[in-house]
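The values are calculated or read from the model by the stated rules, or taken from the named source; none is laboratory data. Predicted, not measured: the structure shown is a model, and the values here were computed from it. Note that we place each Cβ from the backbone using ideal geometry, even for glycine, and neighbour counts take in every protein chain shown. Please note that ligands, DNA and RNA were not included when accessible areas were found on the heavy atoms of the full protein model with its side chains. Shrake-Rupley method; radii C 1.70, N 1.55, O 1.52, S 1.80 Å.
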There are 2 protein chains.
Amino acid sequence: MQHIAMLVYPGFTALDLIGPQTAFGFLEDVQIHLVWKTLDPVTTDMGITLHPTATFETCPEELAVLFVPGGVAGTIALMRDAAVLDFLAARAERASYVTSVCTGSLVLGAAGLLRGYSATTHWAMREVLPLLGAERVDARYVEDRNRITGGGVTSGIDFGLRIVAKMQGEETAQRAQLVMEYDPDPPFQAGSPESAPAAIVEKLRGMIAPDVADARLAAEQAQARW
Amino acid sequence: MQHIAMLVYPGFTALDLIGPQTAFGFLEDVQIHLVWKTLDPVTTDMGITLHPTATFETCPEELAVLFVPGGVAGTIALMRDAAVLDFLAARAERASYVTSVCTGSLVLGAAGLLRGYSATTHWAMREVLPLLGAERVDARYVEDRNRITGGGVTSGIDFGLRIVAKMQGEETAQRAQLVMEYDPDPPFQAGSPESAPAAIVEKLRGMIAPDVADARLAAEQAQARW
């Protein structure tokens, strides 16, 4: 039996986690743990309240995958949370893959786990990566040795299927993709800052600017821990 | 304030719901309710335990969207659950859109809500639709008057963004798509029975055959209610 630990926390983005968690469900002999400080219910940024299944103490020490989802305000709080950063650093030492989707990579980075690695994050937060010692790559999926990071939110589906293929082969991943009917047909050309209408990109950049500034500050503060 | 009711139930597929729920989160002046018989936690088919936010009694009567996610065994149980079918039929009478993703359409169908409508469902369950009085359409997204049905699991993202566009315009939907970074890059050509390797399609059809047979039986039983 292998173990996958997926961090959950107040304000995380449900879809960041549910995409890969669904793909991981097709792995054989794998147990998935939703890990937080306590077993008390946690509420996502969009109001879903769900239950962790393990704590930092009960989470297995040997992990096939350590995973961190994103979520703007929640992510930034975690970048300043010593208990979280210590837990991630400890489990990452022995994990086969140290991974994230969306702004989850900023939490890995704050824990010092992306120093010297190429990595990605949500498109609006990419500028924070270099402050965490990572080489910023503007891509939906970045793999550098055993650090695997995905871009924003829905990239977790592509990410999850790729991890499944790495762990148990392409046929298992293809079976997962077919059951998940992942034959996407986006209604608009708006899924990346390059393809979306410029006015919408600008508007969102303006809305998220205070969070980017705060994440930059949190990244600088995190450096003191390394 | 408009209201969206998303059914949750034991064994539903989290991603069926979280995809559209994330898109709906970008709507303004909308409250999303996760509805079940009680407020007791509900566990999905992949082991996520989450909390309903409303019951059949407390769910608003006037809905902008009534939504049912899929989930194989859980879906079939609902097709035989009079309390669920009565709730859906009652709310559908006044809902602006009566909708589903994946096998959720079979529950709508069992409630008599797809008689005379074109509809889709998860690719492996399409043959059940005609038994529910629906016109089967082999597509990822089907809109017929105010009945809107999506295909399997991940189709909920395409579906959710389209509903957002219908409700509050393309710019809102494009903003949601950009924040969700929905610029998909599936790792394999395996997301539909037409594109996936034939051996994998056959294997899955074999695995799900008992469920398809049971869903057909449930559909025939449901006809007695109409």
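So the values come out like this:
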read-out	value
Label point distance in nm, A:R225-B:A82, each placed 7 Å from Cα along Cα→Cβ	5.7
Note, ³J(HN,Hα) from phi for region B:54-70, Karplus 6.51, -1.76, 1.60, rounded to Hz, x at Gly and Pro	8, 10, 4, 7, 8, 4, x, 7, 9, 10, 6, 9, 10, 10, 10, x, x
Charge dipole magnitude, Cβ of K and R +1, D and E -1 - the protein assembly as shown, Cα centre, debye nearest 20	60
Amide proton proximity set for A:Y141, modelled H, under 5 Å, gap of 5+	A:G151
Accessible-area ranking of A:R115, B:R145, A:R140, largest first, probe 1.4 Å	B:R145, A:R115, A:R140
Amide H contacts under 5 Å for B:V30, placed H, 5+ residues apart	B:Q2
Dipole in debye (nearest 20) - region A:1-70, about Cα centre, beta carbon charges: Lys, Arg +1; Asp, Glu -1	180
Relative packing of peptides B:72-78, B:96-102, A:97-103 - highest average C-beta neighbours within 10 Å first	A:97-103, B:96-102, B:72-78
Taking region A:87-226 and dividing mean pair separation by its residue count, relative contact order in percent (alpha carbons under 8 Å, at least six apart)	24
Three-way shape label, the protein assembly as shown, alpha-carbon gyration tensor, a/c 1.5	prolate
Electrostatic dipole magnitude of region A:71-188 [Cβ: Lys, Arg +1; Asp, Glu -1; Cα centre; debye, to 20]	400
Label point at B:L39 placed 7 Å out along Cα→Cβ; residues across region A:37-52 whose backbone nitrogen lies under 15 Å	A:41, A:49-50
For region B:126-131, Karplus couplings with θ = phi - 60° (6.51, -1.76, 1.60), whole Hz, Gly/Pro x	4, 5, 7, 4, x, 5
Heavy atoms of B:D211: accessible area, 1.4 Å probe, square angstrom to 10	50
DSSP H segments from chain B that extend 24 Å or more along their own axis, Cα-based, with Kyte-Doolittle mean of -0.5 or above	B:198-223
